[in-house]
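The values are calculated or read from the model by the stated rules, or taken from the named source; none is laboratory data. Model, not experiment: these values are computed from the prediction. With ideal geometry, Cβ positions are generated from the backbone for all residues, glycine too; neighbour counts draw on all protein chains shown.
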Amino acid sequence: MTVKERERARVAGERIVKIASSFAYADADTPVHSILAELREPYRDPVAVVDSSERVLGIIVPEDLVEILGKPFGRDLLQRQAARDIMRTVACFPYDEYIQTARERVSAEIEDDPGRHFALVDARNRFQGHVSAQDILTHALNDYRRELRLSTAIQNRLVPPYHAERSERVSLTCASVMAQGVGGDYYFTRQYGEGKWFFCLCDISGKGISASVITAVLSGFLYSAHFGAPLEETVALLNRIVIGTFRLEKYLTGFFAKFDEESGELEYCDMGHSWFFAVENRLMQQVSSQADNVPVGLVESPEIIAQTLRIAPGTVLALLSDGFVEQENRHGETFPLGELGAIIADASDSGDDLVRAKVRILERFFAFKGDVPQHDDISLLLFQYLDT
């Protein structure tokens, strides 16, 4: 045969030859008409041009063949030419180079020419295969998808779609739905002592995998935090960790709270979050329309202010992420937060657990947005101080 096929080299690990899409090559003196006779239309794959020792001299790309054949007497012209006459120069790199290394090396060239082809060679410059910009981009996309699936699985463990805790005096119900599989919303609850609770709801700047990284940092901190310390100290320590790790590139708004069942005291630090409501008379009453503190990770040594509320048995509180507030439907209307008060009150008054309220809130949200994309992650935390 005029056009030969190189067998894929066997290598271990993530080497570039593993994503090579074609292995055709021909001798430099081979008549082009002979090469054409063996190639099938439409011409898709390149053909490496090699010398007698199979060292790469150049490459014939499909676009060149199509262009020549499209000219008047193009096929007659090719009858008189050899492979070396129509080949173009080609960049080569080792067939056993790591894919990531090769990808970084040719990233600029791929941006300039997405149709670019490269030749793979061994230590003696002998042909080992072709890899295209498309091959490299497809591998990068598949890498991203694998990382996204793994990140999604990890984040679902750290921030499950649903979580509930209950004692004789407290009921906590949480839910989260990410807009991109992984995202920046986070909630956490813990009973850290007899009748003593810590809970928070946070919204990390940005979306996607980068936001999920700070979610992991936040989760690791809270799982080992000492909640017996003053709340301001806990939040200040978290602020130092975020500043030291992300250097102002990432920050988070959040509502951090401690509750004592015996006294009914709720102590909280609102770190730029604000979406904190009490459900009264079937209405969502915003406890404060302005946060007391700057977001976590935005200032190196902030003065953190904690507030204290004494709440009565039967009180229901709601924390929401701003994904609810910012969502629009196809008519450009924003999600009606006012409706949530009645939904929560109905569940509470009927003696149902707040889990039913959570389900109805999410049903209402997705019915409202319809086919409009979810703009941001949505999370909620419902807290009820139960009557004895």
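Scanning segment 125-158 for residues being under 30 Å from PHE199 (Cα atoms) and modelled with pLDDT of 90 or more gives a total of 0.
Can you work out which of the residues in segment 237-254 that are of a type outside the set (A, V, I, L, M) and surrounded by fewer than 13 Cβ atoms within 10 Å (Cβ to Cβ) is modelled with the highest pLDDT? Going through the qualifying residues, I end up with GLY244. Just one of the listed residues (SER167, SER132) is assigned by TED's automatic domain parsing to the domain that holds GLY206 and over 23 Å from LEU320 (Cβ atoms), and it is SER167. When you look at ASP122, is it at pLDDT below 90 and out of contact with any Ser or Thr (no Cβ under 7 Å at 6 or more places or on another chain), yes or no? In short, no. For PHE368, the conditions (1) over 19 Å from PHE199 (Cα atoms); (2) of a type in the set (Phe, Trp, Tyr); (3) surrounded by 21 or more Cβ atoms within 10 Å (Cβ to Cβ) all hold with the exception of (3). Of the residues GLU168, GLU109, the single one that is touching a residue at least 40 places away in the same chain (Cβ under 8 Å) and more than 30 Å from THR253 (Cβ to Cβ) is GLU168.
Taken together, the residues in segment 1-17 that are of a type outside the set (A, V, I, L, M, F, W, C) and crowded, with 19+ Cβ neighbours inside 10 Å amount to 2.
Any residue that is buried (at least 20 other Cβ atoms within 10 Å of the Cβ) and within 23 Å of LYS207 (Cβ to Cβ) - is there at least one of those in segment 299-317? Checking segment 299-317: not a single residue is buried (at least 20 other Cβ atoms within 10 Å of the Cβ) and within 23 Å of LYS207 (Cβ to Cβ). Residues that are assigned by TED's automatic domain parsing to the domain that holds PHE198 and under 26 Å from the mean Cα position of the chain (by Cα) occur at least once in segment 332-344.
Contact map, segment 137-164: first residue surrounded by 12 or more Cβ atoms within 10 Å (Cβ to Cβ), second residue aromatic (Phe, Trp, Tyr) and part of a strand (DSSP E or B), Cβ cut-off under 8 Å, separation 6 or more or different chains; pairs are LEU158/TYR186; VAL159/TYR186; VAL159/TYR187; HIS163/TYR187.
This table checks each residue for (1) of a type in the set (D, E, K, R); (2) out of contact with any strand residue (DSSP E or B) (no Cβ under 9 Å at 6 or more places or on another chain).
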| site | (1), (2) |
| --- | --- |
| LEU172 | no, no |
| SER176 | no, no |
| GLN180 | no, yes |
| GLY195 | no, no |
| ASP203 | yes, no |
| LYS207 | yes, yes |
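Considering segment 201-236, the residues that are aromatic (Phe, Trp, Tyr) and under 15 Å from TYR187 (Cα atoms) include one that is surrounded by the most Cβ atoms within 10 Å (Cβ to Cβ), namely PHE221. Tell me yes or no: at least one residue of segment 348-369 is assigned by TED's automatic domain parsing to the domain that holds SER263, under 30 Å from VAL235 (Cα atoms) and of a type in the set (S, T, N, Q). No, the conditions are met nowhere in segment 348-369. Here ALA357 passes the criteria (1) hydrophobic (A, V, I, L, M, F, W, C); (2) farther than 19 Å from PRO313 by Cα; (3) touching a helix residue (DSSP H, G or I) at 6+ places or on another chain (Cβ under 7 Å) except the one numbered (2).
Looking at segment 228-255, which of its residues are of a type in the set (Ser, Thr, Tyr) and in contact with a strand residue (DSSP E or B) (Cβ under 9 Å, 6 or more places away or on another chain)?
The first filter runs over segment 228-255 and keeps only residues of a type in the set (Ser, Thr, Tyr), leaving 234, 245, 251, 253.
Hits for segment 228-255 are THR234, TYR251, THR253.
Matching residues to (1) touching a residue at least 40 places away in the same chain (Cβ under 8 Å); (2) more than 20 Å from HIS163 (Cα to Cα); (3) of a type in the set (D, E, K, R); (4) touching a Leu at 6+ places or on another chain (Cβ under 7 Å):
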position	(1), (2), (3), (4)
ASP292	no, yes, yes, no
PRO313	yes, yes, no, yes
PHE365	yes, no, no, no
TYR385	yes, no, no, no
